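Take a look at the structure set out below.
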Amino acid sequence: MTHAIAPQQGSEQATDKTAIRPFRANVPDAELAELRRRINATRWPERETVADGSQGVQLATMQALARYWATDYDWRKIEAKLSALPQFITEIDGLDIHFIHVRSKHENALPLIVTHGWPGSIIEQMKIIDPLTNPTAHGGNASDAFDLVIPSIPGYGYSGKPTTTGWDIPHIARAWVVLMKRLGYTRFVAQGGDWGAVVVDQMGVQAPPELLGIHTNMPGIFPADIDGAAFSGAPAPSGLSADEKVAYERLQFVYQKGIGYGFQLGLHPQTMYGIADSPVGLAAYFLDHDLRSYELISRVFQGQAEGLTRDDILDNITITWLTNTALSGARLYWEYWGKGYFNAKGVSIPVAVSVFPDELYPAPRSWTELAYPRLIHYNKVEKGGHFAAWEQPQLFSQEVRAGLRSLRK
């Protein structure tokens, strides 16, 4: 059974490809029942032969997740939260792009486009919507308000699935400028983490005149030779500062132990039929992003709360399952293969950087200043990890406000 999507459009809009059509998701009960049936029918392997996560996502974690997903988890709760937000679809370069668009009640709000990552969706950004558009309700000032646009990356969530090659990071970066201009914004800023960080870096490289600056919580800062050395597994080069050595060793660990999905999806995404066919397979694959994130998530399924809840995690997995976008999202790795995630890319526009301690690597100020010659904000935050907007929305929102404040006119 296919996922039901209800773009509520008038007949006069249907012929205009640039029309902005209201959107609302409506999942049939039968699809949710089928999801639970598949979870309950999972064929489990034996447990890992080690006492930690060094062989991957542990059996006890996955069985706890599956029990909750099949019995107590309620998709309708997040569906109702989504339905309460203004959502739209518009066609850009032949592909439907889904986005949330919330205008602030405050005057002179700064337009901001925020891009999610993998394994992700707009679910990751939902907690930051009110703090950014309505800052006075969250300890901020009216002068720090944003008009917020949160698109689904092509192939993710409710956006269309590319049927040809070419929807790579530069294409997405250009499309976001088209989207913002189509919404009437002639000057705006952009934010991203994970894939979103790579997208905003690319927007910064392209430097369209409408883009005032960017904020990133996964800055591309490594010099090319340092990035290459970390990838090769070589010991840290001599002459690094203490901060640079920590960043180098953390990046080296990511390359050696933590980015297996990136290699698989970058080389053969189409092979991953298992994550399109098995909900538990999809969930396990999504949990295995990086060690720090996995430790945080696995704690949640052991009864501890740390930034995320069980529902947060399953909302993000379930939207991918219901839209059958596991593989269409994965192909972005193939499109971008070999181009570098964490390296400096030559961004010349103003950049704000927030360093969360449990990110894949803590970006040192020295390399950050080299990578972003127009650095307008650099701050080390006390807690939070790779999925910062999702895990620590209040801290994240404070950072975005502070980081981009100097770009307001």
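The values are calculated or read from the model by the stated rules, or taken from the named source; none is laboratory data. Computed from a predicted structure; not experimentally measured. As a convention, Cβ positions derive from the backbone with ideal geometry for all residues, glycine included, and neighbour counts pool all protein chains shown. These accessible areas exclude ligands, DNA and RNA; they are computed on the full protein's heavy atoms, side chains included. Shrake-Rupley method; radii C 1.70, N 1.55, O 1.52, S 1.80 Å.
Structure notes:
- Average projected area [Cα convex hull, the range 260-409], square nanometres: 10.4 nm²
- Take every DSSP beta bridge whose two residues both sit in the chain; close to 40 percent of them are antiparallel.
- Solvent-accessible surface ranking, highest first, for ARG38, ARG47 at 1.4 angstrom: ARG47, ARG38
- Given a 1.4 Å probe and the protein chains as shown, ASP96 ends up with an accessible area of around 50 Å².
- In the chain, the calculated helix contribution to ellipticity at 222 nm averages -12000 deg cm²/dmol per residue, counting -39,500 (n - 2.57) for every DSSP H run with n ≥ 4.
- Over the range 324-396, the ratio between the Cα radius of gyration and 2.2 N^0.38 Å evaluates to 1.31.
- Anisotropy class of the range 231-325 from Cα gyration tensor, a/c 1.5 cut: oblate
- Where Rh is the Kirkwood radius over Cα pairs, Rg/Rh for the range 102-156: 1.03
- Coordinate range along principal axes, alpha carbons of the range 50-170, Å, largest first: 56, 43, 29
- Rg over Rh, two decimals, the chain (C-alpha only, Kirkwood Rh): 0.95
- Taking label positions 7 Å along the Cα-Cβ direction at both LEU267 and LYS245, the computed distance is 3.4 nm, reported to one decimal.
- Convex hull volume per residue, computed on the Cα atoms of the range 59-120, equals 171 Å³.
- Where Cα atoms sit under 20 Å apart: lysine pairs in the chain separated by 8 or more or lying on different chains: 12
- Accessible surface, per residue, of the chain when the full set of protein chains is kept, probe 1.4 Å, Å²: 41 Å²
- Residues of the range 96-115 falling in the label zone of LYS17, defined by backbone nitrogen less than 13 Å from a point 7 Å along Cα to beta-carbon, are 96-97.
- 18 Å reach of a label modelled at THR165, 7 Å along Cα-to-Cβ, counting backbone N of the range 266-282: 266-272
- Hull volume in cubic angstrom per residue (convex hull over the Cα atoms of the range 156-291): 148 Å³
- Anisotropy class assigned to the range 137-180 is prolate, per the alpha carbon gyration tensor with a/c at or over the 1.5 cut-off and a/b larger than b/c.
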